[in-house]
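The values are calculated or read from the model by the stated rules, or taken from the named source; none is laboratory data. Keep in mind it's a predicted model, so treat the numbers as computed, not measured. Glycine also receives a Cβ, built like all others from the backbone with ideal geometry; neighbour counts cover every protein chain displayed. What goes into the accessible areas is simple: the full protein's heavy atoms, side chains included, and nothing from ligands, DNA or RNA. Shrake-Rupley method; radii C 1.70, N 1.55, O 1.52, S 1.80 Å.
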Amino acid sequence: EAQVTQNPRYLITVTGKKLTVTCSQNMNHEYMSWYRQDPGLGLRQIYYSMNVEVTDKGDVPEGYKVSRKEKRNFPLILESPSPNQTSLYFCASRTGASYEQYFGPGTRLTVT
Amino acid sequence: SQQGEEDPQALSIQEGENATMNCSYKTSINNLQWYRQNSGRGLVHLILIRSNEREKHSGRLRVTLDTSKKSSSLLITASRAADTASYFCAPSGGYQKVTFGIGTKLQVIP
C-alpha cells in the first residue's frame, strides 16, 4: 500500500531533550516536506526536500533540522525542543511530476 | 510562499444540502489544489485546477477558479455526514514552498 508513515504518532517530552520524528514513504517520491499545524494558524511548512541531499527552509524553520540521506526517509530533528514547538506535525511527499501531496498520519508533540 | 485564505471558517449544513467554500489568494498561480482533513488526520488531496482552467468536476465536487479575482470555490453537492471535515486550499506558483490556510470547517448534520 502506497503510504507515508510517521513515528512516533504521539510524543510528550521535556524542554531541551533532543528528539527525532521519522518520516518514510514507499512511493519513490522525490519531494518531501514537513508541516506543523496550530490552531488559528493553519499548516505551515517547516522544511522541504527536492531530492536526496537537497533541502531548503520553509516558512518556519527555526528550531528544526532535517536531513535527506535516502530518498524514502526525511527525519525531522528538534535539537532542543521548547514549549512553542508543541504542535501537530505532518510529513508529506509527492513526485516531481505532480503537485498532489500525500500526507502522513501526523505526530502530536507536546513539549513541557 | 503562496497562502490561501478560506472562507467561511466554519459552515454547518444539513445532509443533502450543498456546501460552498471559498479561497482567496494574493499572487499569480500555476495551479490550485483543494484538500480535506478529517479531525486530527493527514490531509487528503481532492482536486487540482490549473490556472488555465475555469471549472473542474470530480464526483460530487465542483471547483471553479477565477484568476482575475484571485479566487476559487469548492462546491460539494448533496452533502453527506461523511463529508464533515476541514477543507483547505493550496494555491501554488509552481515553487516548493506551500502554505495552507486555516481551512473551512464543515459540519454536515445527519
- Task: Kindly list the number of the only condition in (1) open to solvent by 50 Å² or more (accessible area, probe 1.4 Å); (2) within 14 Å of chain A (Cβ to nearest Cβ); (3) over 24 Å from A:LEU41 (Cβ atoms) that fails for B:ARG54.
- Result: (2)
- Task: Return the residue satisfying two criteria in turn: it lies in segment B:34-50 and is within 13 Å of B:ASP83 (Cα to Cα) and outside any strand (DSSP E or B), and of such residues it is modelled with the highest pLDDT.
- Result: B:ASN38
- Query: Which condition number does B:GLU53 fail, the rest of (1) farther than 30 Å from A:ARG9 by Cβ; (2) part of a strand (DSSP E or B); (3) charged (D, E, K, R) being met?
  - Reply: (2)
- Query: Out of (1) open to solvent by 50 Å² or more (accessible area, probe 1.4 Å); (2) within 11 Å of chain B (Cβ to nearest Cβ); (3) more than 21 Å from B:SER86 (Cβ to Cβ), what's the single condition that is false for A:LEU41?
  - Reply: (3)
- Task: Select the strands (runs of 3 or more DSSP E) contained entirely in segment B:71-110, then report the ones holding at least 3 residues which are more than 10 Å from every other protein chain (Cβ to nearest Cβ), surrounded by fewer than 21 Cβ atoms within 10 Å (Cβ to Cβ) and on the phi < 0 side of the Ramachandran plot.
- Result: B:71-76, B:104-109
- Flagged in segment A:73-104 as assigned to a loop (DSSP other than H, G, I, E, B), at pLDDT 95 or above and surrounded by fewer than 16 Cβ atoms within 10 Å (Cβ to Cβ), in numbering order, are A:GLU79, A:SER80, A:SER82
- Message: Kindly evaluate B:ILE76 against the criterion of being in contact with a strand residue (DSSP E or B) (Cβ under 8 Å, 6 or more places away or on another chain), aliphatic (A, V, I, L, M) and without any contact (Cβ under 8 Å) to a residue 60 or more places away in the chain.
- Response: yes
- Task: Output the residue which, of all residues in segment B:24-50 that are of a type outside the set (Val, Ile, Thr) and more than 12 Å from every other protein chain (Cβ to nearest Cβ), is nearest to the chain's Cα centre (by Cα).
- Result: B:SER24
- Tell me, please, whether a residue that is of a type in the set (D, E, K, R), surrounded by fewer than 16 Cβ atoms within 10 Å (Cβ to Cβ) and in contact (Cβ under 8 Å) with a residue 60 or more places away in the chain can be found in segment B:58-70. no
- Checklist (1) surrounded by 15 or more Cβ atoms within 10 Å (Cβ to Cβ); (2) over 24 Å from B:ASN38 (Cα atoms); (3) touching a Pro at 6+ places or on another chain (Cβ under 9 Å) applied to A:VAL14, failing item: (1)
- Task: Would you tally the residues in segment A:51-69 being assigned to a loop (DSSP other than H, G, I, E, B), within 20 Å of A:LEU19 (Cα to Cα) and open to solvent by 100 Å² or more (accessible area, probe 1.4 Å)?
- Result: 2
